[in-house]
1. Confirm whether VAL47 is assigned to a helix (DSSP H, G or I) and closer than 19 Å to GLY137 by Cα.
2. Could you check region 93-124 and list, in sequence order, the residues that are under 19 Å from ALA62 (Cα atoms), over 15 Å from the mean Cα position of the chain (by Cα) and surrounded by 15 or more Cβ atoms within 10 Å (Cβ to Cβ)?
3. Being of a type in the set (Ser, Thr, Tyr) and within 14 Å of TYR43 (Cβ to Cβ) is the filter here; which residues of region 103-135 pass it?
4. Any idea which of LEU96, LEU112 is assigned to a helix (DSSP H, G or I) and within 30 Å of GLY161 (Cβ to Cβ)?
5. Of the residues LEU53, LEU64, LEU72, which single one is in contact with a Ser or Thr (Cβ under 8 Å, 6 or more places away or on another chain) and surrounded by 13 or more Cβ atoms within 10 Å (Cβ to Cβ)?
6. Hey, among THR84, THR24, which residue is closer than 30 Å to PRO98 by Cα and either touching a helix residue (DSSP H, G or I) at 6+ places or on another chain (Cβ under 8 Å) or surrounded by fewer than 12 Cβ atoms within 10 Å (Cβ to Cβ) (or both)?
7. Anything in region 151-177 that is buried (at least 16 other Cβ atoms within 10 Å of the Cβ) and modelled with pLDDT of 85 or more? List them, or say none.
8. Scan region 125-150 for residues that are among the polar types (S, T, N, Q), surrounded by 16 or more Cβ atoms within 10 Å (Cβ to Cβ) and at pLDDT below 85 and jot them down.
Amino acid sequence: AGFFGRWVDTLIMRLVDIFYCIPTYPILIIMGALFDALKMDPYVRLVWMMVALGVLGWAGIARLVRGQILSLREQEFMIAQEATGMRSSRRIFRHLVPNVMPQLIVNATMSLGSIIITEATLSFLGLGVKHPLATWGNMINSVTGSSESMLKYTYIWIPVGLLICLTVVAFNFVGDGLRDAFDPKMKQ
């Protein structure tokens, strides 16, 4: 969209705007309730939840890539490649994709934290991944679901909560490190 512009860019960006208008959590909650009503297999349910998270989350990545492509398209090396008569597909895969990949990798690692929290939240509410598959949300749900174990062992959910927090922070640190490695100018 960013490379070719015109109606392709307009069409894809309007589609991105439509996806931005879709409320993610209510859709995921409705899907979880629907999967409960259909008594769906836990493995199939997991696949559908991952697909839903991917479909509902692509708009931000599309906007990031478009912005990078618009910026790179006007650079001197791209204008020189166009002047030499290089085909569009070759310019895209030879120059644009390698220059956009670092930002995509950083964005992916930073997004993993929110995906982990979303999945844990849905599983805690009983709308995400179900038993026999183990998730951190299921573990917290099984502990808090039994009032007897919560009264006797109030500390039992703390390790799971700490692991969720540590994993999210670790992915954010990996994203920061990758951003610093790919773009040393931003390091301060």
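The values are calculated or read from the model by the stated rules, or taken from the named source; none is laboratory data. This one's a predicted model, so the numbers in the text were calculated from it and none came from an experiment. Neighbour counts are summed over all protein chains in view; Cβ atoms, including those assigned to glycine, are modelled from backbone coordinates with ideal geometry.
1. On the way: assigned to a helix (DSSP H, G or I): yes; closer than 19 Å to GLY137 by Cα: yes.
Considered against the rule, which asks whether it is assigned to a helix (DSSP H, G or I) and closer than 19 Å to GLY137 by Cα, VAL47 comes out as yes.
2. HIS95, LEU96, ASN99, VAL100, PRO102 - these are the residues of region 93-124 that are under 19 Å from ALA62 (Cα atoms), over 15 Å from the mean Cα position of the chain (by Cα) and surrounded by 15 or more Cβ atoms within 10 Å (Cβ to Cβ).
3. Looking only at region 103-135, we keep the residues that are of a type in the set (Ser, Thr, Tyr), and these are 109, 111, 114, 118, 121, 123, 135.
The one that is of a type in the set (Ser, Thr, Tyr) and within 14 Å of TYR43 (Cβ to Cβ): THR135.
4. Numbers: LEU96 fails: within 30 Å of GLY161 (Cβ to Cβ).
Being assigned to a helix (DSSP H, G or I) and within 30 Å of GLY161 (Cβ to Cβ) holds for just one of LEU96, LEU112, which is LEU112.
5. Values: LEU64 fails: in contact with a Ser or Thr (Cβ under 8 Å, 6 or more places away or on another chain); LEU72 fails: in contact with a Ser or Thr (Cβ under 8 Å, 6 or more places away or on another chain).
Checking each option against the conditions leaves just LEU53.
6. Working: THR24 fails: closer than 30 Å to PRO98 by Cα.
Sole residue among the options that is closer than 30 Å to PRO98 by Cα and either touching a helix residue (DSSP H, G or I) at 6+ places or on another chain (Cβ under 8 Å) or surrounded by fewer than 12 Cβ atoms within 10 Å (Cβ to Cβ) (or both): THR84.
7. VAL160, ILE164, THR167, VAL168, PHE171, VAL174, GLY175
8. From region 125-150, those among the polar types (S, T, N, Q) are 135, 138, 141-142, 144, 146-147, 149; that's our starting set.
Then drop every residue that is not surrounded by 16 or more Cβ atoms within 10 Å (Cβ to Cβ), which leaves 135, 138, 141-142.
Within region 125-150, ASN141, SER142 qualify.
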